[in-house]
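*Asks:* Can you read through this structure? Questions will come right after.
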Amino acid sequence: MNSLIERANDALQTLASQAGQHFYPHYHLAPPAGWMNDPNGLIFFNGQYHAFYQHHPYDENWGAMHWGHATSLDMLSWQHQPIALAPGDLWDKDGCFSGCAVDDNGVLSLIYTGHVWLNGEGDDSAIREVQCLATSQDGIHFDKQGVVLNPPEGIMHFRDPKVWFEDDCWWMVVGARDERDHGQVLLYRGSSLQQWQFMQVLARADDSMGYMWECPDFFPLENEHILMFSPQGLAAKGYLNRNLFQSGVLRGKWQPGGDFKPSQLFTELDLGHDFYAPQSLLTADGRRVIIGWMDMWQSPMPTKTDNWSGCLTLPRELSIDCDGNLLIKPVREVEALRQAGEFITSMTLAQEKQLLHENCQSLELQLTWDITASHAERYGVQLADVQGTGGKVSVYVDNQANRLVLDRYYPQYGLTGYRSVALPEQGLLSLRIFIDSSSVEVFINDGQACMSSRIYPTEHERCLSLYAENGQAELLYGEYWQLVARSSR
């Protein structure tokens, strides 16, 4: 097995030497080269953060899944480590699929799904998926311990374990697809990481909630429990469920040994174009943070021409405010990346554009608008060329629909269309917008909503401007910072 890891690392090193830099992120985790999708094994262990991820090191396309690995002191500046897992054993010969990491009495342990195609690669009509264990003595090199959990009778799609320790025992949730093609989350209890007992179906889909629930996570937040998962097969409805697959939460109550009792309907976590498979971790000081894959299945990925694809989101802290709203905010560590700031004086915008920054590569922008006093049909911020005639991404208020819109326009890549969130009818609108080489993330009204999308501007399309159309808009406050992280490729 070590030879498979060595082969994968050698292939990755060769591919990385040929990888282009144009769209490579400054402060988001991306692979050195090759393919990346789901974040796996997010954990704070022995004084540093670990992020593993689904990885194909041989080329820029999805393939036999390995586990990439990076470490960080702040969740933002990442050091790439050797590949942690490579497929090749009987139980995982076609892929080491998603999973998690835990600290088992000082041993960094990975629990992951071993995947086998029974009728040839890509044929989902006959697969076998089992949960497997790998352990490490140094936090870098891992030894496989084999299969620790087989699927229930009649279940083929059985993947993405998330494990935690509570009430003197281990617990695991696993995503599954039942015999009626309904998604569900299964709950297990373990006396060790190798001995598991089925407890119950923690939650299941009705006819409208999808055929498979991937990447489940289950954790306490304030006085609630959050079931976070990625359902496949939801129908688009109005402004909701616009992507191929979604990611969101059920909020409710749970005690070990009891039923999970949801108190609210499924809610999407991010309403942008590119967000999937989030996983949570606890920070060193006890904050609940999630990171997602900032891409979407079957979406064009222009970075493939540079021999890499895939990127993870900013780490985001979850909390519940005094009104019971679930808030999603960038972790405060991002403020340490700021260089000298530039203030934007309050202004009234009409038909003209106000240029803010000519070469916007890596930047945080904060804006506060007076919704009540702004009557323009549209107003906001745009990343484009000076004339606005080429590719562009806009984040603007649509005053007629009363929504904040994230609209991207890169027709040369087949990436056009918008996503949006509802806005209050009056008051203030505060935005935190994070722009990187190939992404934009928008956090709205101190975490009440967010939108994340990949973007692909050319060098001359990186002028950042404020604008208003057909009326006036009142900007009360603005500030921006260039961001510098120490991520390595």
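*Asks:* Consider TYR379 against the criteria (1) at pLDDT 95 or above; (2) over 24 Å from CYS311 (Cα atoms); (3) in a loop (DSSP other than H, G, I, E, B); (4) hydroxyl-bearing (Ser, Thr, Tyr): it satisfies all of them except one. Which criterion is unmet?
*Replies:* Just one mismatch for TYR379, condition (3).
*Asks:* It is to be established whether one or more residues within the stretch 253-275 are closer than 30 Å to GLY47 by Cα, among the aliphatic types (A, V, I, L, M), at pLDDT 95 or above and part of a strand (DSSP E or B).
*Replies:* No, there is no match, as no residue in the stretch 253-275 is closer than 30 Å to GLY47 by Cα, among the aliphatic types (A, V, I, L, M), at pLDDT 95 or above and part of a strand (DSSP E or B).
*Asks:* Could you pull out the residue among TYR396, TYR467, TYR413 that is surrounded by fewer than 21 Cβ atoms within 10 Å (Cβ to Cβ) and in contact with a Gly (Cβ under 9 Å, 6 or more places away or on another chain)?
*Replies:* TYR413
*Asks:* Being open to solvent by 10 Å² or more (accessible area, probe 1.4 Å) and not β-branched (Val, Ile, Thr) is true for just one of GLU425, GLU364. Which residue is that?
*Replies:* Just one listed residue meets the conditions, GLU425.
*Asks:* Do you know which of the residues in the stretch 180-210 that are of a type in the set (Ser, Thr, Tyr) and either out of contact with any strand residue (DSSP E or B) (no Cβ under 6 Å at 6 or more places or on another chain) or at pLDDT below 95 (or both) is nearest to MET156 (Cα to Cα)?
*Replies:* SER208
*Asks:* Please find, within the stretch 184-232, the residue that is surrounded by the most Cβ atoms within 10 Å (Cβ to Cβ) out of those that are part of a strand (DSSP E or B) and polar (S, T, N, Q).
*Replies:* Only one residue tops the list, namely SER230.
*Asks:* Do we have LEU423 as touching a residue at least 12 places away in the same chain (Cβ under 8 Å) and more than 24 Å from the chain's Cα centre (by Cα) here?
*Replies:* Considered against the rule, which asks whether it is touching a residue at least 12 places away in the same chain (Cβ under 8 Å) and more than 24 Å from the chain's Cα centre (by Cα), LEU423 comes out as no.
*Asks:* Pull up the stretch 80-93, narrow it to residues that are crowded, with 24+ Cβ neighbours inside 10 Å and small (Gly, Ala, Ser), then point me to the one that is nearest to ALA70 (Cα to Cα).
*Replies:* Selected residue: ALA84.
*Asks:* Still on this structure, I have one more. Filtering the stretch 94-130 down to residues that are at pLDDT 95 or above and among the small types (Gly, Ala, Ser), which residue is surrounded by the fewest Cβ atoms within 10 Å (Cβ to Cβ)?
*Replies:* GLY106
*Asks:* So, one more: Step by step: first the residues of the stretch 86-111, then only those that are touching a strand residue (DSSP E or B) at 6+ places or on another chain (Cβ under 7 Å) and free of Cβ contacts under 8 Å to residues at least 60 places away in the same chain, then the one that is farthest from ASP295 (Cα to Cα). Which residue is that?
*Replies:* VAL107
*Asks:* It is to be established whether one or more residues within the stretch 297-317 are assigned to a loop (DSSP other than H, G, I, E, B), open to solvent by less than 20 Å² (accessible area, probe 1.4 Å) and among the hydroxyl-bearing types (Ser, Thr, Tyr).
*Replies:* yes
*Asks:* Let me ask you something else. Does ALA8 qualify as being open to solvent by less than 20 Å² (accessible area, probe 1.4 Å), of a type in the set (Gly, Ala, Ser) and in a loop (DSSP other than H, G, I, E, B)?
*Replies:* no
*Asks:* Of the residues PHE158, PHE142, only one is within 26 Å of the chain's Cα centre (by Cα), modelled with pLDDT of 95 or more and open to solvent by 20 Å² or more (accessible area, probe 1.4 Å); which?
*Replies:* The conditions single out PHE142.
The values are calculated or read from the model by the stated rules, or taken from the named source; none is laboratory data. Keep in mind that this is a model prediction, so the values were computed, not measured. As a convention, Cβ positions derive from the backbone with ideal geometry for all residues, glycine included, and neighbour counts pool all protein chains shown. Quick note on the areas: whole protein, heavy atoms, side chains included, nothing else; ligands and nucleic acids left out. Shrake-Rupley method; radii C 1.70, N 1.55, O 1.52, S 1.80 Å.
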